[in-house]
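Notes follow the structure.
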Amino acid sequence: PIGMLNELIRLHQRLEPGADHYDLKISYLRDAIFGVDIEPMAIEICRLRAWLSILVDSPSDHEIAPLPNLDFKFIAADSLTKLPEGNTRTLFGDNELEDSLGEIRVQYFDAKDAKKKEKLKSLYEKKISETLEISTTTAREALIRTFNPFETALCASFFDPLVLFGRTNFDIVLGNPPYVDSEMMTVKYPEFRNYLKKEYESTTGNWDLFIPFIERGIELTAPNGSLS
(Lines give C-alpha, C1' and ligand atoms only; values in the text may rest on other atoms or scores of the structure.)
Protein backbone atom coordinates (compact mmCIF):
# COMPACT_ATOMS: atom_id res chain seq x y z
CA PRO A 1 0.00 0.00 0.00
CA ILE A 2 2.79 2.46 0.78
CA GLY A 3 4.50 1.70 -2.53
CA MET A 4 1.20 2.44 -4.27
CA LEU A 5 0.82 5.65 -2.26
CA ASN A 6 4.26 6.86 -3.34
CA GLU A 7 3.56 5.95 -6.97
CA LEU A 8 0.32 7.95 -6.91
CA ILE A 9 2.19 10.93 -5.47
CA ARG A 10 4.80 10.73 -8.26
CA LEU A 11 2.09 10.59 -10.92
CA HIS A 12 0.17 13.46 -9.32
CA GLN A 13 3.36 15.54 -9.19
CA ARG A 14 3.69 15.25 -12.99
CA LEU A 15 0.12 16.48 -13.43
CA GLU A 16 0.33 19.19 -10.79
CA PRO A 17 3.95 20.22 -10.09
CA GLY A 18 4.39 21.76 -6.69
CA ALA A 19 1.37 20.03 -5.12
CA ASP A 20 1.70 19.57 -1.36
CA HIS A 21 2.74 15.97 -0.68
CA TYR A 22 1.45 16.05 2.89
CA ASP A 23 -2.12 16.91 1.90
CA LEU A 24 -1.98 14.58 -1.11
CA LYS A 25 -0.98 11.58 0.98
CA ILE A 26 -3.81 12.14 3.45
CA SER A 27 -6.26 12.56 0.57
CA TYR A 28 -5.17 9.36 -1.16
CA LEU A 29 -5.24 7.40 2.08
CA ARG A 30 -8.74 8.68 2.77
CA ASP A 31 -10.26 7.99 -0.64
CA ALA A 32 -8.16 5.62 -2.73
CA ILE A 33 -6.06 3.11 -0.79
CA PHE A 34 -7.30 0.13 1.21
CA GLY A 35 -5.52 -2.89 2.65
CA VAL A 36 -6.47 -6.27 4.07
CA ASP A 37 -4.31 -9.08 5.48
CA ILE A 38 -5.07 -12.11 7.62
CA GLU A 39 -2.14 -11.30 9.95
CA PRO A 40 -2.96 -8.53 12.47
CA MET A 41 0.75 -7.72 12.89
CA ALA A 42 1.05 -7.05 9.15
CA ILE A 43 -1.79 -4.54 9.48
CA GLU A 44 -0.11 -2.84 12.43
CA ILE A 45 3.14 -2.50 10.47
CA CYS A 46 1.24 -1.12 7.46
CA ARG A 47 -0.50 1.53 9.55
CA LEU A 48 2.82 2.52 11.11
CA ARG A 49 4.48 2.85 7.70
CA ALA A 50 1.59 4.98 6.46
CA TRP A 51 1.93 7.33 9.42
CA LEU A 52 5.70 7.59 8.93
CA SER A 53 5.18 8.30 5.24
CA ILE A 54 2.91 11.22 6.15
CA LEU A 55 5.29 12.52 8.82
CA VAL A 56 8.26 12.82 6.46
CA ASP A 57 6.25 15.31 4.38
CA SER A 58 4.79 17.17 7.34
CA PRO A 59 5.23 20.95 7.01
CA SER A 60 8.17 22.07 9.12
CA ASP A 61 6.89 25.57 9.80
CA HIS A 62 4.11 24.59 12.20
CA GLU A 63 3.22 22.04 14.83
CA ILE A 64 2.56 18.53 13.52
CA ALA A 65 -1.16 17.98 13.15
CA PRO A 66 -2.81 14.82 14.51
CA LEU A 67 -2.37 11.93 12.10
CA PRO A 68 -5.40 10.38 10.38
CA ASN A 69 -6.96 7.31 11.98
CA LEU A 70 -6.34 4.22 9.86
CA ASP A 71 -8.40 1.70 11.83
CA PHE A 72 -10.92 1.33 9.00
CA LYS A 73 -8.39 1.67 6.15
CA PHE A 74 -6.08 -1.28 6.79
CA ILE A 75 -7.83 -4.21 8.43
CA ALA A 76 -7.11 -7.78 9.47
CA ALA A 77 -9.57 -10.09 7.75
CA ASP A 78 -9.91 -13.38 5.89
CA SER A 79 -10.01 -12.32 2.23
CA LEU A 80 -11.40 -15.61 0.92
CA THR A 81 -14.43 -15.96 3.20
CA LYS A 82 -17.38 -14.07 1.76
CA LEU A 83 -20.24 -12.52 3.69
CA PRO A 84 -23.53 -14.34 3.02
CA GLU A 85 -26.25 -12.23 1.45
CA GLY A 86 -29.06 -10.87 3.60
CA ASN A 87 -29.79 -8.20 6.17
CA THR A 88 -28.04 -7.55 9.45
CA ARG A 89 -30.67 -7.11 12.13
CA THR A 90 -30.44 -5.02 15.26
CA LEU A 91 -33.11 -4.35 17.85
CA PHE A 92 -34.14 -1.31 15.81
CA GLY A 93 -34.29 -2.63 12.25
CA ASP A 94 -32.52 -4.38 9.39
CA ASN A 95 -29.14 -3.16 8.15
CA GLU A 96 -28.82 -0.48 10.84
CA LEU A 97 -25.48 -1.95 11.91
CA GLU A 98 -24.00 -1.80 8.41
CA ASP A 99 -25.35 1.71 7.80
CA SER A 100 -23.91 2.88 11.12
CA LEU A 101 -20.59 1.21 10.36
CA GLY A 102 -20.35 3.21 7.14
CA GLU A 103 -21.06 6.48 8.92
CA ILE A 104 -18.53 5.75 11.67
CA ARG A 105 -15.90 4.70 9.11
CA VAL A 106 -16.14 8.03 7.27
CA GLN A 107 -16.13 10.18 10.41
CA TYR A 108 -13.38 8.29 12.21
CA PHE A 109 -10.64 8.90 9.63
CA ASP A 110 -10.50 12.64 10.36
CA ALA A 111 -11.51 12.54 14.03
CA LYS A 112 -8.74 14.40 15.86
CA ASP A 113 -10.37 15.05 19.21
CA ALA A 114 -9.91 12.21 21.71
CA LYS A 115 -13.48 12.59 22.99
CA LYS A 116 -14.93 12.35 19.49
CA LYS A 117 -12.86 9.26 18.73
CA GLU A 118 -14.02 7.62 21.95
CA LYS A 119 -17.62 8.54 21.18
CA LEU A 120 -17.43 6.93 17.72
CA LYS A 121 -15.77 3.84 19.17
CA SER A 122 -18.45 3.53 21.85
CA LEU A 123 -21.17 3.95 19.22
CA TYR A 124 -19.69 1.13 17.15
CA GLU A 125 -19.47 -1.19 20.16
CA LYS A 126 -23.04 -0.29 21.12
CA LYS A 127 -24.30 -1.29 17.66
CA ILE A 128 -22.47 -4.61 17.90
CA SER A 129 -23.95 -5.28 21.34
CA GLU A 130 -27.45 -4.67 19.96
CA THR A 131 -27.05 -7.57 17.53
CA LEU A 132 -25.96 -9.80 20.43
CA GLU A 133 -29.32 -9.28 22.10
CA ILE A 134 -31.19 -10.95 19.23
CA SER A 135 -31.99 -14.53 20.16
CA THR A 136 -31.46 -16.11 16.72
CA THR A 137 -28.34 -15.29 14.75
CA THR A 138 -27.82 -15.62 11.00
CA ALA A 139 -24.47 -16.64 9.53
CA ARG A 140 -24.08 -13.11 8.16
CA GLU A 141 -24.61 -11.50 11.57
CA ALA A 142 -22.23 -13.94 13.28
CA LEU A 143 -19.46 -13.07 10.81
CA ILE A 144 -19.99 -9.29 11.04
CA ARG A 145 -19.58 -9.50 14.81
CA THR A 146 -16.04 -10.84 14.32
CA PHE A 147 -14.93 -7.47 12.90
CA ASN A 148 -13.70 -4.95 15.44
CA PRO A 149 -11.13 -2.52 14.00
CA PHE A 150 -10.29 -1.26 17.49
CA GLU A 151 -9.04 -4.67 18.67
CA THR A 152 -5.69 -4.83 16.93
CA ALA A 153 -5.00 -8.49 17.74
CA LEU A 154 -8.22 -9.77 16.16
CA CYS A 155 -8.83 -10.87 12.59
CA ALA A 156 -12.30 -10.65 11.05
CA SER A 157 -13.55 -14.02 9.82
CA PHE A 158 -14.79 -12.57 6.51
CA PHE A 159 -14.08 -9.93 3.90
CA ASP A 160 -16.76 -7.84 2.22
CA PRO A 161 -15.53 -4.65 0.50
CA LEU A 162 -18.90 -2.89 0.70
CA VAL A 163 -19.39 -3.49 4.43
CA LEU A 164 -15.77 -2.87 5.44
CA PHE A 165 -14.65 -0.20 2.94
CA GLY A 166 -17.83 1.14 1.35
CA ARG A 167 -16.61 -0.05 -2.06
CA THR A 168 -17.97 -2.74 -4.38
CA ASN A 169 -14.70 -3.16 -6.30
CA PHE A 170 -11.31 -1.57 -6.93
CA ASP A 171 -9.51 -0.13 -9.96
CA ILE A 172 -6.27 -1.85 -8.96
CA VAL A 173 -6.00 -5.04 -6.91
CA LEU A 174 -2.55 -6.11 -5.69
CA GLY A 175 -2.16 -9.41 -3.90
CA ASN A 176 0.51 -11.74 -2.59
CA PRO A 177 -1.37 -14.98 -1.86
CA PRO A 178 0.25 -17.68 0.25
CA TYR A 179 1.28 -20.90 -1.43
CA VAL A 180 -0.41 -23.89 0.22
CA ASP A 181 -0.61 -27.02 -1.92
CA SER A 182 -3.68 -29.23 -2.19
CA GLU A 183 -2.19 -32.07 -0.12
CA MET A 184 -1.43 -29.82 2.86
CA MET A 185 -4.88 -28.22 2.66
CA THR A 186 -6.56 -31.63 2.61
CA VAL A 187 -4.70 -32.68 5.77
CA LYS A 188 -4.63 -29.43 7.77
CA TYR A 189 -7.65 -27.42 6.57
CA PRO A 190 -10.25 -29.88 5.24
CA GLU A 191 -13.30 -27.83 6.30
CA PHE A 192 -11.93 -24.63 4.80
CA ARG A 193 -11.05 -26.48 1.59
CA ASN A 194 -14.62 -27.78 1.34
CA TYR A 195 -15.94 -24.24 1.83
CA LEU A 196 -13.71 -22.94 -0.97
CA LYS A 197 -14.83 -25.77 -3.29
CA LYS A 198 -18.45 -24.71 -2.81
CA GLU A 199 -17.83 -20.96 -3.02
CA TYR A 200 -15.44 -20.66 -5.98
CA GLU A 201 -15.86 -21.94 -9.53
CA SER A 202 -12.13 -22.41 -10.11
CA THR A 203 -11.61 -24.86 -7.23
CA THR A 204 -11.93 -28.06 -9.23
CA GLY A 205 -9.53 -30.95 -9.65
CA ASN A 206 -6.16 -30.71 -7.90
CA TRP A 207 -6.02 -27.03 -6.94
CA ASP A 208 -3.77 -25.02 -4.60
CA LEU A 209 -4.76 -22.14 -2.34
CA PHE A 210 -3.60 -19.42 -4.74
CA ILE A 211 -6.31 -20.49 -7.23
CA PRO A 212 -9.31 -19.10 -5.26
CA PHE A 213 -7.19 -16.03 -4.45
CA ILE A 214 -6.90 -15.31 -8.17
CA GLU A 215 -10.65 -15.75 -8.65
CA ARG A 216 -11.35 -13.54 -5.64
CA GLY A 217 -9.03 -10.89 -7.04
CA ILE A 218 -10.89 -10.93 -10.35
CA GLU A 219 -14.20 -10.53 -8.50
CA LEU A 220 -12.86 -7.49 -6.64
CA THR A 221 -11.39 -5.80 -9.72
CA ALA A 222 -13.51 -3.11 -11.39
CA PRO A 223 -14.32 -3.30 -15.13
CA ASN A 224 -11.20 -2.21 -17.06
CA GLY A 225 -9.23 -2.46 -13.80
CA SER A 226 -5.93 -4.22 -13.16
CA LEU A 227 -5.18 -7.31 -11.08
CA SER A 228 -1.62 -8.21 -10.16
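The long axis of helix 96-109 is offset from the longest Cα principal axis of the chain by roughly 30 degrees.
Largest first, the residues Met4, Met41, Met185 sort by 1.4 Å accessible area into Met41, Met4, Met185. Against the criterion of solvent-accessible heavy-atom surface with a 1.4 angstrom probe, Lys25, Lys112 sort, most first, into Lys112, Lys25.
Rounded to the nearest 10 square angstrom, Ile33 shows an accessible area of 10 square angstrom against a 1.4 Å probe. Since only Leu101, Ser79, Leu123 are under comparison, the one whose Cα sits farthest along the positive direction of the charge dipole of the chain, derived from C-beta charges on Lys, Arg, Asp and Glu, is Leu123. Using just its DSSP H runs of length 4 or more, each adding -39500 (n - 2.57), the chain gives a mean residue ellipticity at 222 nm of -15000 deg cm²/dmol after division by all residues. Leu123 sits with roughly 70 Å² accessible to a 1.4 Å probe, with DNA, RNA and ligands left out of the calculation.
The HN-Hα couplings worked out from phi for region 169-179 by the Karplus form 6.51 cos²θ - 1.76 cosθ + 1.60 (θ = phi - 60°) are 7, 9, 5, 10, 10, 10, x, 10, x, x, 9 Hz, whole numbers, x standing for Gly and Pro. Charged side chains reduced to their Cβ positions (Lys and Arg at +1, Asp and Glu at -1) give the chain a dipole of some 200 debye around its Cα centre. When nucleic acids and ligands are ignored and a 1.4 Å probe is applied, Tyr189 ends up with an accessible area of around 110 Å². When both region 155-215 and region 21-83 are represented by their alpha-carbon centers, they are found 24 Å apart.
Figure note: Arg167, Arg30, Arg10 ranked by solvent-accessible area, largest first, 1.4 Å probe, ligands and nucleic acids not counted: Arg10, Arg30, Arg167.
Placing unit charges on the Cβ atoms of the charged side chains and taking the dipole of region 100-193 about its Cα centre, the candidate lying farthest along the positive direction among Val187, Pro149, Ala111 is Ala111.
Counting only Cβ charges, +1 for Lys and Arg and -1 for Asp and Glu, the dipole size of region 109-228 around its Cα centre is about 540 debye. Think of the chain as a dipole: +1 on every Lys or Arg Cβ, -1 on every Asp or Glu Cβ, centred on the Cα centre; then among Ser27, Ile9, Trp51, Trp51 lies furthest on the positive end. The relative contact order of the chain, computed from alpha carbon pairs under 8 Å that lie at least 6 residues apart in sequence, is 19 percent.
The values are calculated or read from the model by the stated rules, or taken from the named source; none is laboratory data. None of the values given here were measured: they were computed from a predicted structure. For neighbour counting, all protein chains shown are included, and Cβ atoms are generated from backbone atoms with ideal geometry for every residue, glycine included. SASA here: full protein model, heavy atoms, side chains in, ligands and nucleic acids out. Shrake-Rupley method; radii C 1.70, N 1.55, O 1.52, S 1.80 Å.
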